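These notes concern the structure reproduced below.
The values are calculated or read from the model by the stated rules, or taken from the named source; none is laboratory data. Bear in mind the structure is a predicted one, so any value in this text is a computation, not a measurement. As a convention, Cβ positions derive from the backbone with ideal geometry for all residues, glycine included, and neighbour counts pool all protein chains shown.
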Amino acid sequence: MLMENGTILIVGGGIGGLTAAIALRKRGFAVDLVERDPTWSVYGVGIIQQANVLRAVDALGILQDYIGAGFPFDSVDIYLPNGRHAATIPSHKLVDGQPANLGIGRRALHDVLGKRAIEAGTTIRLGVTPERLDDDGAGVTAYFSDGTNARYDVVIGADGVYSQTRAALFPDAPAPLFTGQGVWRYNFPRPAEVTSLHAFQGPLGIGLVPLSDDLMYMFVTTPEPDNRRYERSELASAMRDKLSGAPPEIAALAAQITDDDGVVYRPLEWLLVEGPWHKGRVVLLGDAVHATTPHLGQGAGMAIEDSLVLAEELSRAADPETAFAAYRARRFDRCAYIVRASIAICDGQLGRGPMVDQAAATFEMFQLTAQPI
Ligand SMILES: Cc1cc2nc3c(=O)[nH]c(=O)nc-3n(C[C@H](O)[C@H](O)[C@H](O)COP(=O)(O)OP(=O)(O)OC[C@H]3O[C@@H](n4cnc5c(N)ncnc54)[C@H](O)[C@@H]3O)c2cc1C
């Protein structure tokens, strides 16, 4: 093993950073994590996690906590634009005796990952970011915003789509690209019949995702050609307007969207770093290096898989750069597929490309992501 007792700094305490911390602690590395947000806050809607992600979380050793914090389901129900049920697509299970998919609140997921990362022995500092990383070939000295500094064998930038680590390593890397779509999300009490992902086909991508016995969320992707900024005070009425003409089940829910603070709106952007994912002893992971739109519900899944692969390669390579190259070689095609297939769905919805059959795309994605990582 290369760096038995090696020291690793993770920049970013999101899904990628926390799962990397858990995976690296399992392999015996000493891990410090810094998170820029002093309140470590996470917005309150949910996320879809599919069979490959449950398999990855199982490999992290935290599957039961994770499933317990969400709502498991074993199929995806596809609806036509008029609201008629078109198909139930069973999802492959990849962990014996466990569900195929999980809907989970972002805060619930954050709580599980944060708790397990700390229990595993990660040192976490909030409200801190590295202002400079000085890589001298034998190690990296990080100079932090709180005036402290420390030396590490390896630094991992898991600092999201606007990664400062990426900007420092690769100033010429492409910036995140706006797709022309935005996504609107809102929580509701879960109706008894929503026990799987309900995905509605059509020019607007609409979905209902169960999160717990009591809760589900709705997402709707909309064309936003001007990328306009919405005032908080207009969010609920804007989301209701976006849903005018939606199928009856959705229209009935739309009428309940009244709390501006409960609406989570986000313009959709994507990014794929086609070149190296590391420089010297610093490497990137998750959205920092491959940020996808959510059309296949796999962005966080790819970050979690990255964490496992990176930890495995670091524990067996002779030096960090060999590990980083092996990590990228194992991850690039899969992450690029997710980004590109998601953008193809987006382009179809916007009329910029052929309309993609969501059921077929979902089936193909399940087949591909079932392959071992
Ligand atoms: C609308 C939408 C819906 C989605 N739905 C799904 C879904 O259903 N399923 C799914 O699998 N994925 C989904 N995703 C994708 C998923 O949210 C991301 O892929 C995932 O959050 C990436 O995790 P990350 O840790 O790489 O980045 P982030 O979640 O962005 O975390 C980065 C962390 O780094 C911190 N940070 C940033 N800069 C610094 C700095 N300089 N110093 C220290 N800390 C810093 C941030 O505060 C943050 O905590 C969705 C994405 C969007 C936009």
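Quick rundown of the values:
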quantity	calculated
Tally of residues being surrounded by 22 or more Cβ atoms within 10 Å (Cβ to Cβ), within 14 Å of the ligand (Cβ to nearest atom), among the aliphatic types (A, V, I, L, M) and not in a helix (DSSP H, G or I) across the range 19-44	2
The range 277-291, residues that are in contact (Cβ under 8 Å) with a residue 60 or more places away in the chain and either over 18 Å from Tyr162 (Cβ atoms) or outside any loop (DSSP other than H, G, I, E, B) (or both)	His278, Lys279, Gly280, Arg281, Val282, Val283, Leu284, Gly286, Asp287, Ala288, Ala291
Ala59 more than 15 Å from the ligand (Cβ to nearest atom), part of a helix (DSSP H, G or I) and either more than 24 Å from Gly157 (Cβ to Cβ) or touching a helix residue (DSSP H, G or I) at 6+ places or on another chain (Cβ under 6 Å) (or both)	yes
Residue match in the range 351-361 (condition: within 16 Å of the ligand (Cβ to nearest atom), in contact (Cβ under 8 Å) with a residue 40 or more places away in the chain and surrounded by fewer than 21 Cβ atoms within 10 Å (Cβ to Cβ))	yes
Which numbered condition Ala117 fails, given (1) touching a residue at least 60 places away in the same chain (Cβ under 8 Å); (2) part of a loop (DSSP other than H, G, I, E, B); (3) closer than 23 Å to Ala323 by Cα	(2)
Restricting the range 127-142 to residues that are in a loop (DSSP other than H, G, I, E, B) and among the hydrophobic types (A, V, I, L, M, F, W, C), the residue that is nearest to Val283 (Cα to Cα)	Ala138
Close pairs from the range 292-309: first outside any loop (DSSP other than H, G, I, E, B), partner among the acidic types (Asp, Glu), Cβ under 8 Å, at least 6 apart	Gly299/Asp287; Ala303/Asp287
Criterion (within 21 Å of Phe188 (Cβ to Cβ), touching a strand residue (DSSP E or B) at 6+ places or on another chain (Cβ under 8 Å) and among the charged types (D, E, K, R)) met by exactly one of Asp77, Asp32	Asp77
Candidates Arg125, Arg106, Arg151 - the one that is over 20 Å from Leu211 (Cα atoms), charged (D, E, K, R) and within 10 Å of the ligand (Cβ to nearest atom)	Arg125
Some residue of the range 308-327 being of a type in the set (Ser, Thr, Tyr) and within 14 Å of the ligand (Cβ to nearest atom)	no
Some residue of the range 78-88 being among the aliphatic types (A, V, I, L, M) and buried (at least 22 other Cβ atoms within 10 Å of the Cβ)	no
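Matching residues to (1) at pLDDT below 95; (2) among the polar types (S, T, N, Q):
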{"position": "Gln49", "(1), (2)": "no, yes"}
{"position": "Ala56", "(1), (2)": "no, no"}
{"position": "Leu60", "(1), (2)": "no, no"}
{"position": "Tyr66", "(1), (2)": "no, no"}
{"position": "Ala86", "(1), (2)": "yes, no"}
